[in-house]
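Asker: Dumping the structure here so I can ask a few things about it.
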Amino acid sequence: MSTCSCGILAARPCRMQDARRKRAPVPFNTWGAFFNRGLSMSAAVERYSRAQVVLHWTTLALLLVSFISHEGMKDAWRAWRQGGEAASAAPGLGSQVHVWVGVAVLALTLVRLGLRVTQGAPRPVEGQSPLLTVAASILHGLLYLVLLAIPATGLAAWFGGITDLGEVHEVLFNIALLLVAGHIGAALFHQFVLKDRLLARMR
């Protein structure tokens, strides 16, 4: 017979004590306390869920469409700022595609953040240097930040007529291109130099 912390005599270890031992914290590659919430049961997953994978590649495809339609959006924005007949003309296909792609990116990014909180993400690659782990965390955090800020500023500029946010949107778009290039470069580095099969997590 033994006495557990809840003050009840028991012939075997108390379930409450067992539960506490099972809920030991799991190391997790994170970049903010917010993203640690709800991850205790899913932080140790070996790869991303199917939904996370689909949303990841869908977001990349939408960013490519956004890049292709960028010039059409710039022309429409320039015409709106100049005023006159050009401003009253119906927006071209390129600008309309750009706007709705932005709405889709914003919505999908919010869903991805929700899935990251509820489903977690894989641990850092075993044996990876702390420097690479920190760099990956920062890069992922910045990517999520710009994926929210770019469509938010663009939509506010276009529908709200806030010209200053249009300039911010342009700067953020260029920053996003650099971050995406860095993300792709890092993935290729892991795949072909470190050969740690990191890309297999996103298949």
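Asker: For a footprinting-style exposure proxy, rank 49, 95, 129 by other Cβ within 10 Å, fewest first.
Answerer: Ordered by Cβ neighbours within 10 Å, fewest first: 129, 49, 95.
Asker: What is the order of 175, 150, 138, fewest Cβ neighbours within 10 Å to most?
Answerer: If I rank by nearby Cβ atoms, fewest first, I get 138, 175, 150.
Asker: Across bins of 10 angstrom width beginning at 0, how are the C-alpha pair distances of the range 37-202 distributed, in whole percent?
Answerer: Spelled out bin by bin, the range 37-202 gives 9, 34, 30, 17, 8, 2, 0 percent.
Asker: Cα atoms only: what Rg and Dmax, in Å, come out for the range 122-198?
Answerer: Cα only, the range 122-198: 16.1, 50 Å (Rg, Dmax).
Asker: If you don't mind, another one. Label points 7 Å out from Cα along the Cβ direction at residue 132 and residue 183: separation in nm?
Answerer: With each label point 7 Å from Cα toward Cβ, the separation is 1.9 nm.
Asker: For the range 159-203, just run the numbers: alpha carbon Rg, then divide by 2.2 N^0.38 Å, N being how many residues it has.
Answerer: 1.77
Asker: Multiply the residue separation of residue 50 and residue 107 by 0.36 nm, subtract the distance between their alpha-carbon atoms, and state the gained length in nm to one decimal.
Answerer: Result: 18.7 nm gained on full extension.
Read-outs throughout are calculated quantities, based only on the coordinates presented, and are distinct from any laboratory measurement. Note that the structure is a prediction, hence the values are computed from the model and not measured. Methodologically, a virtual Cβ is constructed for each residue, glycine included, from the backbone with ideal geometry; neighbour enumeration extends over all protein chains shown.
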